[in-house]
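Student: Could you have a look at this structure, given as structure tokens, before my questions?
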Amino acid sequence: MRYPSSAYDQRSAMLFLAPMMAVLMAVAVFPVLYSFWISLFDLKLTRPHRVPFVWFNNYLKVFQDPLFWESVLRTVNFTLMSVLAIMVIATLMALLLNQEFRGRRVLSAILLIPWAIPYVANGLMWKWIYDSGYGALNGLLLQLGFIDKYLVMLGDTDKTLGLITNAFVWKEVPLATILLLVTLKSVRPDLYSAAKVDGANVWQRFLHITLPSLVPGFALVVIYETMMAIRHFDLFFVLTEGGPADASHVVAWQVYVETFRKLAFGTGAALAYIMAVATFVLAWFIIRTTSRKL
């Protein structure tokens, strides 16, 4: 009986993979490369017949814009608040769901509801909750006696970014909880048994067994949620549209403004590339840092 050679197997595999690779090149690789090419031109749809090649002037223009650096600072604040809150809440939820108790399956199913809601629907829901005329949050605070009248929450520059962060965290916590719960399930039970025999209390078992075992899950959650926070756009569009007074003007919103409101596609593409490279570098740094501890 003759068996096909390895070279024949490789040619067959490449033949079957060719359609998928062609689609991937068409819908992913080509747009990425083409957008970089656009970022080298001063392309504005308000004057489509005059598109000078400006090399990296669009990038220099972005770096010289004070609003860009202000948006970077807001993006960093939003990302730090979001990721820290998600990590803490998701860790507590994962530890809870890792225990055996009545109603655990029901609680797990309820936890998935925020994750299943689309981002736009999530934004509209929170916009109603924050509403200054009939919002549920205003009503709750009024009933509890924390306020004496309804507040214009999304119109307050000091509260806007925190309120958007709250909506983002509510949406992202379920997925982070699932990832950390899967990591917890991989911890060998005999490690806890041995620690109990050695006299370790609950805090010591958590500190020396659970926490080190969660490092891979922490790394995955931090990388994913950081990327989601940096490039997040939906809630800023639905809730505030960058306002009030640029209080929620983050980098993702500036990309939208430059591209689709000012119709400056060259500058918008440059901004998008800067954001993508910054996200990639940050993800690489997190991976390198956590991989040394595994």
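Student: Rg(Cα) of region 196-294 divided by 2.2 N^0.38 Å?
Tutor: 1.59
Student: Under a 10 Å cutoff between Cα atoms, tell me which one of PRO114, PRO66, PRO244 has the largest fluctuation in the Gaussian network model of the chain.
Tutor: Most flexible of the set in this elastic network: PRO66.
Student: Order of HIS232, HIS249, HIS49, HIS208 from fewest to most other C-beta atoms within 10 Å?
Tutor: So the residues, fewest neighbours to most, are HIS49, HIS208, HIS249, HIS232.
Student: ³J(HN,Hα) across region 239-254 via Karplus (A = 6.51, B = -1.76, C = 1.60, θ = phi - 60°), whole Hz, x for Gly/Pro?
Tutor: Taking θ as phi minus 60°, the curve returns 7, 9, 6, x, x, x, 6, 6, 5, 10, 7, 9, 5, 4, 5, 5 Hz for region 239-254.
Student: What ranking of LYS171, LYS127 emerges when the number of other C-beta atoms within 10 Å of each C-beta is taken as an exposure proxy, fewest first?
Tutor: LYS127, LYS171
Student: Can you find, among PHE285, GLY266, PHE233, the residue sitting farthest towards the positive end of the charge dipole of region 173-294, where Lys and Arg contribute +1 and Asp and Glu -1 at Cβ?
Tutor: Positive-end residue among those listed: PHE285.
Student: Let me ask something else. How big is D for the chain, in µm² s⁻¹ as a whole number, if Stokes-Einstein is applied with the Kirkwood radius of its Cα pairs at 4 °C and 1.567 mPa s?
Tutor: This corresponds to a translational diffusion coefficient of 57 µm²/s.
Student: Hey, any idea what the orientation-averaged projected area of the convex hull of region 48-127's Cα atoms comes to, in nm²?
Tutor: The orientation-averaged projected area of the Cα hull of region 48-127 comes to 9.7 nm².
Student: Moving on to the next point. Out of residues 5 or more away from ASN98 or on other chains, whose amide H comes under 5 Å of its own, with H placed 1.01 Å from N in the peptide plane?
Tutor: none
Student: Charges at C-beta only: +1 for Lys and Arg, -1 for Asp and Glu. How large is the resulting dipole of region 96-210 about its Cα centre, in Debye rounded to 20?
Tutor: For this selection, approximately 420 debye.
Student: Looking at region 68-214, what % of the alpha carbon pairs are farther apart than 17 Å?
Tutor: 71 percent
Student: Continuing with the same structure: Counting only complete DSSP H runs, which helices of the chain cover 24 Å or more along their long axis at the Cα atoms and score a mean Kyte-Doolittle of 1.0 or above?
Tutor: 66-97, 160-185, 265-291
Student: Let's see if you can work this out: charge +1 on each Lys and Arg Cβ, -1 on each Asp and Glu Cβ, no other charges. What is the dipole magnitude of the chain about its Cα centre, in debye to the nearest 20?
Tutor: 740 debye
Student: Take ASP9, ASP156, ASP131 and order them by how many other Cβ atoms sit within 10 Å, fewest up front.
Tutor: Final ranking by Cβ density, sparse to dense: ASP9, ASP156, ASP131.
Student: Which one of ASN98, TRP55, TRP128 has its Cα pushed farthest toward the positive end of the charge dipole of the chain, where Lys and Arg give +1 and Asp and Glu give -1 at the Cβ?
Tutor: The one lying farthest along the dipole's positive direction is ASN98.
Student: Then there is this: Restricting attention to region 209-294, which chymotrypsin sites (Phe, Trp or Tyr not before Pro) occupy a DSSP loop and are surrounded by at most 14 other Cβ atoms within 10 Å?
Tutor: In loop regions of region 209-294 (DSSP not H, G, I, E or B), the sparsely surrounded chymotrypsin sites (Phe, Trp or Tyr not before Pro) are PHE233.
Student: OK, next. Helix-only estimate, please: 222 nm mean residue ellipticity of the chain, summing -39500 (n - 2.57) across DSSP H runs of length 4 or more and dividing by its residues, to the nearest 500.
Tutor: Computed mean residue ellipticity for the chain: -21000 deg cm²/dmol.
Just so you know, all these numbers are worked out from the coordinates, no wet-lab data involved. As the structure is a computational prediction, the values presented were derived from the model and not from experiment. Cβ sites come from the backbone with ideal geometry, for glycine too, and all protein chains shown count toward neighbours.
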